[in-house]
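Undergrad: A single structure is presented below for examination.
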Amino acid sequence: MNEKIFPLSDAQLREVIKKFPTPFHLYDEGTIKKNFRRLRETFSWAKNFREHFAVKATPNPAIVKILASDGAGTDCSSLAELLISERAGVIGEKIMLTSNDTPADEFKKALELGAIINLDDITHIDYLEKNAGLPQCISFRYNPADLMNEGNEIIGKPAEAKYGLTRKQIFDAYKISRDKGIKRFGLHTMVASNELETEIFLLTAKIMFELAVEIKNKIGIELEFVNLGGGFGIPYRPNEKPVDFRAVGEGIHELYEKILVSNGLDNVAIATESGRAMTGNAGWLVSTVIHEKNTYKNYIGLDSCMANLMRPAMYGAYHHITISGKENFPLTNNYDVTGSLCENNDKFAIDRKLPKIEIGDVLIIHDTGAHGHAMGFNYNGKLRSAELLLREDGKIEMIRRAETLDDYFATLNF
Ligand SMILES: *Cc1c(COP(=O)(O)O)cnc(C)c1O
């Protein structure tokens with residue numbers, strides 16, 4: 001079991017809502033810091049462990065700064081994310097550019113910032129050289145389809161994933177870049193997504209460490225780092241067990257000794273690109289009930305919609321819901337909790353057992369801190385909400401204002 005908590009009492013939340021109307025996402029600085037420190041602890045045995053926070057999870061410089069103040073870098077996959085990293089003060093090799101189908105301007109900006117560039121394809125070596133130049137340190141994203149048949153709901157099977165180089169291409173890619181004068185190398189993969197099982201992380205590490213040894217033996221390149229990607233899950237459902245970070249850390253440490261150190265590779269740094277496990281459980285979408293509708297089913301209508309959180313509609317993802325002030329009330333009713341889009345899948349929950357809801361109740365949708373606000377869009381002209389940050393000292397800061405209709409019309413010409 002993992003308990004679903006919210007950091008404000010009903011009275012405190014009502015005060016916040018007077019100043020910042022719903023809907024909004026609220027993030028908790030203390031939880032974000034705790035999450036990062038736990039990850040750092042997991043790899044405390046590793047030399048030069050680095051976490052490149054996946055900016056796409058919560059693309060707000062205020063959030064990046066919280067993590068950076070404890071030593072995290074960034075993982076960027078677009079020009080805007082590179083700029084967010086720069087504005088948050090994270091530059092140089094603290095940045096890893098892990099994008100795909102990468103446009104030239106993104107490579108240029110990454111090079112200008114001194115980022116580590118992680119290429120998604122062998123043809124990108126030439127493209128990068130022609131359009132931006134070559135970096136000091138280059139990394140390649142490996143797609144281990146030849147070794148992993150199992151997939152996962154969000155990311156699918158590696159063989160059907162658009163990402164990364166094949167095994168054969170990996171070896172050619174290092175040779176080509178070495179011939180072009182590059183001297184420092186890394187290796188990357190990202191196969192898991194929202195994974196909770198220790199074995200998957202160990203399997204990934206084993207595959208990567210063995211490949212690192214093969215790269216050394218076959219072509220004489222000693223990798224500077226192995227980036228195991230992101231994908232550390234969070235228990236969205238109250239009955240799910242969180243990742244056992246201790247077991248993951250100890251298991252990967254053992255593999256590191258057994259595979260890398262015993263083959264003379266005792267200087268390889270471990271990197272991760274965690275997004276969800278840093279901010280996922282540190283965010284909540286707060287929304288007010290504006291309608292109740294009883295037809296063939298019982299519907300609760302919120303003042304938000306899937307533009308504020310699209311994971312339930314997109315992946316059928318579960319997000320726990322509580323009602324502010326009614327946390328301990330019995331679950332007597334069965335509701336579909338909906339947004340206002342003209343899309344029937346615009347539902348935050350289907351057939352959810354909840355306490356009896358009244359219009360004006362404030363619903364708290366849990367675990368929205370990663371890939372929540374970030375995935376927003378403007379379909380039906382819906383506006384994206386504000387983002388608030390609860391600081392460790394208890395103060396609330398608005399770290400992004402809500403969009404206005406003027407923002408919406410700003411790009412239109414007629
Ligand atoms: C999305 C993504 C991540 C972060 O994934 P989480 O599941 O949030 O940890 C890391 N690396 C890459 C390349 C990604 O695309």
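The values are calculated or read from the model by the stated rules, or taken from the named source; none is laboratory data. Computed from a predicted structure; not experimentally measured. Methodologically, a virtual Cβ is constructed for each residue, glycine included, from the backbone with ideal geometry; neighbour enumeration extends over all protein chains shown. Calculation scope for accessible area: heavy atoms of the full protein, side chains included, ligands and nucleic acids excluded. Shrake-Rupley method; radii C 1.70, N 1.55, O 1.52, S 1.80 Å.
Undergrad: Quick one: PHE245 ticks every box in (1) out of contact with any helix residue (DSSP H, G or I) (no Cβ under 6 Å at 6 or more places or on another chain); (2) touching a residue at least 40 places away in the same chain (Cβ under 8 Å); (3) surrounded by fewer than 24 Cβ atoms within 10 Å (Cβ to Cβ) except a single one, so which number is it?
TA: (1)
Undergrad: Give me a count of the residues in region 241-265 that are within 13 Å of the ligand (Cβ to nearest atom) and small (Gly, Ala, Ser).
TA: 0
Undergrad: When you scan region 171-189, how many residues do you find that are in contact with a Phe, Trp or Tyr (Cβ under 7 Å, 6 or more places away or on another chain) and open to solvent by 40 Å² or more (accessible area, probe 1.4 Å)?
TA: Within region 171-189, residues that are in contact with a Phe, Trp or Tyr (Cβ under 7 Å, 6 or more places away or on another chain) and open to solvent by 40 Å² or more (accessible area, probe 1.4 Å) number 0.
Undergrad: Having 1 or more residues that are under 30 Å from ALA247 (Cβ atoms), modelled with pLDDT of 95 or more and open to solvent by 50 Å² or more (accessible area, probe 1.4 Å) is the bar; report the helices (runs of 4 or more DSSP H) wholly within region 1-88 that clear it.
TA: Ranges flagged: 29-42.
Undergrad: Still on this structure, please answer the following. Restricting to region 266-280, and then to whatever is open to solvent by 10 Å² or more (accessible area, probe 1.4 Å) and away from the ligand (no atom under 12 Å from the Cβ), can you tell me which residue is nearest to THR98 (Cα to Cα)?
TA: My answer is ASN267.
Undergrad: Out of SER304, SER340, I need the residue that is at pLDDT 95 or above, away from the ligand (no atom under 16 Å from the Cβ) and surrounded by fewer than 21 Cβ atoms within 10 Å (Cβ to Cβ). Which one?
TA: Unique residue meeting the criteria: SER340.
Undergrad: Sticking with this structure for a sec: Given the condition exposed (fewer than 14 other Cβ atoms within 10 Å of the Cβ), more than 30 Å from GLU29 (Cβ to Cβ) and either assigned by TED's automatic domain parsing to the domain that holds PRO242 or polar (S, T, N, Q) (or both), answer yes or no: does some residue in region 314-326 qualify?
TA: No, region 314-326 has no match at all.
Undergrad: In this structure, is ASP351 part of a strand (DSSP E or B) and exposed (fewer than 13 other Cβ atoms within 10 Å of the Cβ)?
TA: Taking the combined requirement at face value, the residue satisfies it.
Undergrad: Within the set of pairs 6+ apart or on separate chains, which have a first residue in region 363-391 that is farther than 27 Å from ARG14 by Cβ, a second that is away from the ligand (no atom under 16 Å from the Cβ) and not in a helix (DSSP H, G or I), and C-beta atoms under 7 Å apart?
TA: Pairs that qualify, where the first residue is farther than 27 Å from ARG14 by Cβ and the partner is away from the ligand (no atom under 16 Å from the Cβ) and not in a helix (DSSP H, G or I), are PHE377/ALA307; ASN378/ALA307; TYR379/ALA307; TYR379/LEU341; ASN380/LEU341; ASN380/CYS342.
Undergrad: Follow-up question, since we're still on this one. For the subset of region 281-301 comprising residues that are open to solvent by less than 60 Å² (accessible area, probe 1.4 Å) and of a type in the set (Ser, Thr, Tyr), which member is farthest from the ligand (Cβ to nearest atom)?
TA: Checking each candidate, the answer is TYR299.
Undergrad: Return yes when ILE63 is in contact with a Phe, Trp or Tyr (Cβ under 8 Å, 6 or more places away or on another chain) and over 28 Å from LYS180 (Cβ atoms) and no when it is not.
TA: Yes; evaluated as a whole, the condition is true for this residue.
Undergrad: Among what's in region 190-223 and is open to solvent by 60 Å² or more (accessible area, probe 1.4 Å) and either aliphatic (A, V, I, L, M) or in contact with a strand residue (DSSP E or B) (Cβ under 9 Å, 6 or more places away or on another chain) (or both), pick the residue that is nearest to the ligand (Cβ to nearest atom).
TA: By that ranking, first place goes to LEU203.
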